[in-house]
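One structure below.
The values are calculated or read from the model by the stated rules, or taken from the named source; none is laboratory data. In this text the structure is predicted, and so the values were computed from the model without any measurement. Quick reminder, even Gly has a Cβ in these numbers, built from the backbone with ideal geometry, and neighbours come from all protein chains shown.
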Amino acid sequence: MSPDGPLLVALDVDGTVLHEDGEISPAVRKAVLAASDQGHELMLATGRSWESTKPVLDELGLQSDYAVCANGALIMKREGDEYVRHHVETFDPTEVLQLIHENLDDGRYMVEYPDGFRRYTQGMTDWNLDGAEQVEFEQLLHKPVTRVVVVSPGHDEQEFLRVVEEMGLHKVTYAIGWTAWLDIAPFGVNKSTAMERVREWIGAPQSRLVAVGDGRNDVELLKWAGELGRGVAMGQAPDEVKDAATEVAASISDDGLAHVLASL
């Protein structure tokens with residue numbers, strides 16, 4: 001164990017733990033278990049729903065006390081062998097959905113409700129939609145949600161960045177993914193706000209924080225951890241994510257996370 005006691009370690013999932021094909025490398029799997037065995041509190045902080053986060057937790061063999069999902073809008077807490085929805089943030093998606101719909105000719109949409117149920121429009125083909133319901137766009141409005149996902153196949157990443165910036169989205173927090181997809185959370189909510197709640201609940205000192213991520217939705221998380229601890233960007237992360245970090249690891253193809261965990 002680190003000489004000053006255990007660390008609270010927040011791990012992004014896609015691009016940090018998981019490769020693009022959904023696989024976890026043997027080196028990362030081994031490093032996660034070793035760090036956990038040393039007494040560090042490893043947990044996942046992801047944009048994923050809980051339903052798609054739990055299998056990753058199980059595959060890693062982690063029994064974390066908490067898991068941050070939906071980019072901070074949902075915090076799960078372990079009670080015995082089960083996890084319960086411990087803290088949920090919601091917002092009315094009507095205004096932002098209508099604004100985006102007016103500006104994107106080929107937008108496809110998905111919303112996630114506080115209980116984890118999801119609705120989506122036609123064309124959301126690249127997502128795990130098990131148990132979700134396909135509906136018309138209008139049926140996504142007027143009901144509080146924890147998360148909105150927007151995909152625009154007609155744009156590349158840079159074009160999509162420009163289109164989204166020109167929309168002037170307000171009253172929500174948003175991050176743009178590697179491809180042309182937009183992840184929207186309640187205003188002021190992100191991975192770092194949820195992790196700060198967890199930090200306070202478990203009493204972890206601010207100097208004992210480590211966060212590792214690779215996406216634009218990790219920027220606030222890396223800054224949060226890096227104030228007094230370590231905010232680590234994966235080697236393949238965009239420059240703006242690296243700029244938010246205190247250090248840059250090797251890329252996921254070179255088992256960057258494994259090297260970070262070995263250094264704890």
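Summary table below
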{"item": "Contacts under 8 angstrom Cβ, first residue in region 232-257 being farther than 20 Å from Arg208 by Cα and of a type in the set (D, E, K, R), partner outside any loop (DSSP other than H, G, I, E, B) and at pLDDT below 95, 6 or more apart", "result": "Glu240/Arg216"}
{"item": "Some residue of region 114-129 being closer than 19 Å to Glu95 by Cβ, in contact with a His (Cβ under 9 Å, 6 or more places away or on another chain) and outside any loop (DSSP other than H, G, I, E, B)", "result": "no"}
{"item": "Out of Thr90, Thr146, sole residue that is surrounded by 14 or more Cβ atoms within 10 Å (Cβ to Cβ), polar (S, T, N, Q) and more than 29 Å from Glu20 (Cβ to Cβ)", "result": "Thr90"}
{"item": "Checking Leu99 against (1) part of a helix (DSSP H, G or I); (2) among the aliphatic types (A, V, I, L, M); (3) buried (at least 20 other Cβ atoms within 10 Å of the Cβ), the condition it does not meet", "result": "(3)"}
{"item": "Residue satisfying condition, being surrounded by fewer than 20 Cβ atoms within 10 Å (Cβ to Cβ) and modelled with pLDDT of 80 or more, within set Asp156, Asp126, Asp130", "result": "Asp130"}
{"item": "Region 230-247, subset surrounded by 15 or more Cβ atoms within 10 Å (Cβ to Cβ) and charged (D, E, K, R), residue nearest to Ile176 (Cα to Cα)", "result": "Lys242"}
{"item": "Residues satisfying the stated conditions in region 130-171, i.e. farther than 14 Å from Asn103 by Cα, in contact (Cβ under 8 Å) with a residue 60 or more places away in the chain and either not assigned by TED's automatic domain parsing to the domain that holds Asp106 or not basic (Lys, Arg) (or both)", "result": "Asp130, Gly131, Thr146"}
{"item": "Selected residue [modelled with pLDDT under 80, closer than 21 Å to Val111 by Cα and in a loop (DSSP other than H, G, I, E, B)] from His170, His142", "result": "His170"}
{"item": "Single residue of region 19-42 satisfying the filter (within 16 Å of Asp214 (Cα to Cα) and either touching a residue at least 40 places away in the same chain (Cβ under 8 Å) or among the hydroxyl-bearing types (Ser, Thr, Tyr) (or both)) that is surrounded by the most Cβ atoms within 10 Å (Cβ to Cβ)", "result": "Val28"}
{"item": "Check on Ala204, crowded, with 20+ Cβ neighbours inside 10 Å and either over 17 Å from Leu44 (Cβ atoms) or touching a strand residue (DSSP E or B) at 6+ places or on another chain (Cβ under 6 Å) (or both)", "result": "no"}
{"item": "Failed criterion for Asn190 (all others in (1) within 24 Å of Thr125 (Cβ to Cβ); (2) in contact with a Ser or Thr (Cβ under 6 Å, 6 or more places away or on another chain); (3) among the polar types (S, T, N, Q) hold)", "result": "(1)"}
{"item": "In region 47-86, the residues that are in contact (Cβ under 8 Å) with a residue 40 or more places away in the chain, closer than 22 Å to Ala225 by Cα and part of a loop (DSSP other than H, G, I, E, B)", "result": "Gly47, Asp65, Ala73"}
{"item": "Residues (in a strand (DSSP E or B) and under 28 Å from Gly131 (Cβ atoms)) located in region 3-41", "result": "Ala10, Leu11, Asp14, Leu18"}
